[in-house]
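Inspection log for the structure reproduced underneath, given as structure tokens.
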Amino acid sequence: MTRPAPANAKYIFTLAAVSVLILLLGSLVRPRPRSADQPQPSETDLARLTRLTERRSLDTRAGYFAQLADDVATSVVRMPDAGASGVVWTTGTIATARFEPRFPTATLVRMLDRDVRASGAVWAPHLPVAGVQVPDVAQLVPAHRAVAPRSGDWLVAVWRTDQGRVFAPANFLDVAPVSCDELPSRETLSTLVFTRSMAGGGLFDINGNLMGLILPCGERYAAVVPEQVDAMLSEAESFGSRLLARYGLAVGPMTDDETEYFKGAAGVIVREVWIGFSGEVAGLRPGDIIVALNGAVVASADDLRPVVAQTEREPPVLSVQRDTARLEITIRADADTTARETDRQTTAGLMWESPQKGYRIDAVLPGSRAATAGIRPGDRLLRIGRTELRSLDQMRRLLATGRTAAFVEIERDGRRRGTLLKQAEP
Amino acid sequence: MDQLTSLGLILLLALLAGHLVRFIRVPEVTGYILAGVALGPSLLGWLSQENLLAMSVFSEVALGLILFSVGSVFEFSLFRRIGRQVLLLTLAESTLAAAVVTTGILYFGQPWQVALLLGAIAIATAPASTLMVIRESDSAGPLTDTLLGIVAVNNLLCITAYSLVAAAIELLTPAGGAASFLETFYRSGFLLLWQLVGSVALGFLVGLLLAGWSSQVTEGGEVLILLAGAILLCVGLSHLLDLSPLVASLAVGATMVNLAERSRHVFGALSATDPPFYAIFFVIAGAELDARLIPAMGALGVVYVLGRAIGKFAGAKLAARRLGLSTEVQNYLGFALLAQAGLAVGLTLAVNSRFTGFAPVVSTVVLASVTIYEMIGPVSTRFALTRAGEVGLAKAAHDPMLPDRR
């Protein structure tokens with residue numbers, strides 16, 4: 001074997017120096033990799049890759065919202081009888097949407113893991129919301145958020161169908177006024193358009209805070225902000241709402257003009273009678289003056305409170321002044337209003353509407369005495385004073401002079417209301 | 001699968017496969033490779049692409065160690081004795097293999113670029129499996145010595161030929177027009193020079209470091225640390241500087257064997273402890289083979305496989321007869337040169353990035369053929385050594401390729 005003799009050391013050192021030089025020089029002058037040396041993906045490949053990436057991020061996003069929806073869905077229930085979803089509002093209460101004039105009394109609540117029968121419900125025919133009492137549900141979703149949302153923030157709408165939980169992501173736009181059944185309210189505007197199937201569902205932010213309850217508002221559906229839903233639910237607890245819900249009646253104290261018109265009759269005047277409710281079935285009409293309840297004199301609406309008390313067993317008997325007559329009317333809270341509906345069905349299986357009564361008002365001049373009385377286009381004029389309208393001539397005659405005040409009865413959206421048409425200014 | 005789990009699995013199954021194939025008188029290397037094929041993505045899929053990628057560092061180290069060992073054939077006294085015949089034999093078998101493959105591919109209607117690229121790649125003989133078979137069978141003798149020398153030189157030749165062909169293609173094929181003739185010439189020519197001269201320079205420096213330090217280190221374990229460190233450094237720097245880790249490792253071995261007083265000690269420590277590396281290396285190599293490619297290679301693949309074999313056989317035989325070598329060498333040297341693996345695959349990757357137009361044909365043919373050669377190569381090498389009567393002659397506790405062993 002060759003050994004490096006001492007004489008070779010110089011030789012080896014030179015070689016090493018040359019090697020270092022070669023490496024240094026070589027790495028200095030070596031060509032930089034040209035971009036063209038790398039395989040360049042074509043334009044279509046790039047576009048396809050971009051699309052794939054974007055699609056992946058969309059999938060991730062959808063997955064994120066699905067997870068979020070799963071998280072909040074524990075607070076979203078299905079109410080098969082009401083045909084809507086519901087959100088656990090407070091411990092023991094579920095807020096849901098109301099469609100029919102009457103809210104179903106015995107309501108089933110389909111929760112995530114079980115079905116529960118509701119123990120009661122708070123609702124009123126003029127409110128789009130209903131509060132359903134279920135003893136053993138606990139509130140999970142915070143109903144109010146600490147930080148005001150900004151435009152563009154992500155939201156997710158979650159509702160429940162018979163098939164299961166459904167969700168839709170959206171962006172927050174604004175909070176805007178909305179009117180639900182003449183009731184001024186506020187809604188959370190988002191990029192979503194709500195439909196019937198979403199009613200009763202919740203609109204949540206990405207922290208799981210409730211931003212709105214999806215309720216029917218006029219012709220459309222709106223995510224009403226939680227504070228307004230709270231207000232509606234407490235409104236539903238009021239005496240007026242309970243009277244409406246139970247008997248379809250709205251009453252009020254008489255104005256001075258009315259006292260004069262009705263020639264000094266004292267009592268509480270019936271302002272609205274909702275068609276299909278027990279008040280209407282019993283024969284009450286707008287303009288009736290309730291003077292006594294079960295024989296006791298009624299001076300103000302407060303005197304009527306016993307009729308909405310839960311403990312009321314006997315059907316109340318109202319003494320009513322109508323024109324000159326004094327009537328005794330018994331109203332049964334549980335009067336079967338559906339019977340009247342089925343009357344309209346014959347054995348031939350035909351269903352029809354009863355003929356329209358009264359005259360439809362096409363326009364109301366602003367500032368006129370009709371406008372002052374609250375009459376609106378679309379209302380149907382049924383009665384003027386004592387006279388049921390039968391012909392156009394009759395109506396012209398009755399309204400022609402305007403010298404005297406007239407109590408008129410109109411029908412609007414399934415309710416009859418009475419209003420005093422004041423006498424024309426001379 | 002988790003990296004450590006798959007590593008353990010690799011080692012144990014490689015050992016098992018090595019034992020199993022011994023019964024049918026097949027080299028253990030083939031057993032390792034077959035185990036790799038079975039575990040790999042193309043069959044069982046226990047080793048995923050990610051596993052293979054993560055363990056590629058083992059392959060790099062193992063290949064570096066193997067070429068370091070092969071480099072020891074450049075020991076002065078040995079090479080002075082057999083250098084001339086090794087050079088002639090290598091030139092003959094390489095040229096003939098390249099020529100036959102190129103002609104065949106041209107005959108089958110492929111562009112000249114594809115034919116030349118395949119011809120250049122056909123030169124390479126896998127150093128790893130050849131060395132392993134020699135070790136495993138304790139071979140020694142004229143065929144063994146010549147074989148190691150040829151494998152070392154023919155890989156250098158392959159890199160040179162490939163670089164020349166690549167330069168020619170870039171100069172003669174009208175490219176996008178962006179690059180001038182001079183620039184192309186500079187790029188291609190420099191690459192060739194750099195890969196050879198630069199790699200040798202790097203290998204020499206690392207070898208010098210190794211040789212100088214090894215005289216201070218006596219303990220077997222420490223020698224191994226020194227060696228592993230030097231090889232890792234060499235391979236890493238090669239990657240960093242775009243050099244050829246293959247040539248550089250070869251140069252480290254050559255420098256070491258000529259300069260270190262205790263080189264035998266170092267090589268001995270290496271062969272005592274490196275088998276796990278090699279087992280992993282061959283299993284990974286097997287797992288990266290895709291047996292499903294074989295049916296896809298078509299007529300071109302058959303031409304490549306047969307043409308390369310014929311070229312190697314004929315070249316080795318003619319040159320050996322001319323040199324007046326023994327009939328054993330004349331008859332069996334060709335068999336020992338069939339194995340083909342890493343370098344061919346590496347060049348295919350280079351073709352993929354440099355000549356996208358020709359890459360599909362070249363890749364398919366080479367990758368499919370490598371699958372075949374990788375499996376039959378070790379068997380054929382073993383056959384040659386057995387027939388030449390050199391198996392078991394190095395029993396005397398010497399590593400087969402150690403210098404001054406006789």
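Some points to look at:
- Filtering A:Arg160, A:Arg165, A:Arg186 for residues that are assigned to a strand (DSSP E or B), open to solvent by less than 40 Å² (accessible area, probe 1.4 Å) and closer than 19 Å to A:Gly212 by Cα leaves a single hit, A:Arg160.
- When residues of the range A:109-126 are limited to those that are buried (at least 16 other Cβ atoms within 10 Å of the Cβ) and farther than 14 Å from A:Arg246 by Cβ, the one modelled with the lowest pLDDT: A:Met111
- A:Lys357 satisfies every condition listed in (1) open to solvent by less than 80 Å² (accessible area, probe 1.4 Å); (2) touching a residue at least 24 places away in the same chain (Cβ under 8 Å) except (1).
- Residue within the range B:166-178 that is modelled with pLDDT under 85, open to solvent by less than 20 Å² (accessible area, probe 1.4 Å) and not in a helix (DSSP H, G or I) present: no
- Filter result for A:Arg242 (touching a helix residue (DSSP H, G or I) at 6+ places or on another chain (Cβ under 6 Å) and open to solvent by 30 Å² or more (accessible area, probe 1.4 Å)): yes
- Looking only at residues of the range A:1-27 that are at pLDDT below 80 and in a helix (DSSP H, G or I), we find that the one that is nearest to the other protein chains (Cβ to nearest Cβ) is A:Asn8.
Each row is one residue, and each column tells you yes or no for (1) at pLDDT 90 or above; (2) farther than 30 Å from A:Gly414 by Cβ; (3) not hydrophobic (A, V, I, L, M, F, W, C).
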{"position": "A:Arg61", "(1), (2), (3)": "no, yes, yes"}
{"position": "A:Ala66", "(1), (2), (3)": "yes, yes, no"}
{"position": "A:Val72", "(1), (2), (3)": "no, yes, no"}
{"position": "A:Met79", "(1), (2), (3)": "no, no, no"}
{"position": "A:Gly83", "(1), (2), (3)": "no, no, yes"}
{"position": "A:Thr91", "(1), (2), (3)": "no, yes, yes"}
{"position": "A:Phe99", "(1), (2), (3)": "no, no, no"}
{"position": "A:Arg102", "(1), (2), (3)": "no, no, yes"}
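- Of the residues making up the range B:11-24, those that are out of contact with any Gly (no Cβ under 8 Å at 6 or more places or on another chain) and touching a residue at least 24 places away in the same chain (Cβ under 8 Å) are B:Leu11, B:Leu13, B:Leu15.
- Here B:Ala344 meets the list (1) of a type in the set (A, V, I, L, M); (2) over 18 Å from the mean Cα position of the chain (by Cα); (3) in a helix (DSSP H, G or I) almost entirely, failing just condition (2).
- Some residue of the range B:139-153 being within 14 Å of chain A (Cβ to nearest Cβ) and open to solvent by less than 30 Å² (accessible area, probe 1.4 Å): no
- Members of the range A:249-280 that are at pLDDT below 85, among the β-branched types (Val, Ile, Thr) and under 21 Å from A:Phe239 (Cβ atoms): A:Thr255
- Condition met for A:Val193 (of a type in the set (Val, Ile, Thr) and farther than 21 Å from A:Ala84 by Cα): no
- The helices (runs of 4 or more DSSP H) found wholly in the range B:181-286 and carrying at least 2 residues that are open to solvent by less than 60 Å² (accessible area, probe 1.4 Å) and away from chain A (no Cβ under 12 Å) occupy B:199-214, B:220-240, B:245-259, B:263-273.
Per-residue answers, yes or no, for (1) open to solvent by 10 Å² or more (accessible area, probe 1.4 Å); (2) of a type in the set (Gly, Ala, Ser); (3) touching a residue at least 40 places away in the same chain (Cβ under 8 Å):
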site: B:Val73; (1), (2), (3): no, no, yes
site: B:Leu78; (1), (2), (3): yes, no, yes
site: B:Glu93; (1), (2), (3): no, no, yes
site: B:Gly119; (1), (2), (3): no, yes, yes
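- Some residue of the range A:393-413 being at pLDDT below 80, within 21 Å of A:Ser278 (Cα to Cα), in a loop (DSSP other than H, G, I, E, B) and not basic (Lys, Arg): yes
The values are calculated or read from the model by the stated rules, or taken from the named source; none is laboratory data. Bear in mind the structure is a predicted one, so any value in this text is a computation, not a measurement. Don't worry about glycine lacking a Cβ; one is built from the backbone with ideal geometry, like all the others, and counts go over all protein chains shown. Just the protein is used for accessible areas: all its heavy atoms, side chains included, with ligands, DNA and RNA removed. Shrake-Rupley method; radii C 1.70, N 1.55, O 1.52, S 1.80 Å.
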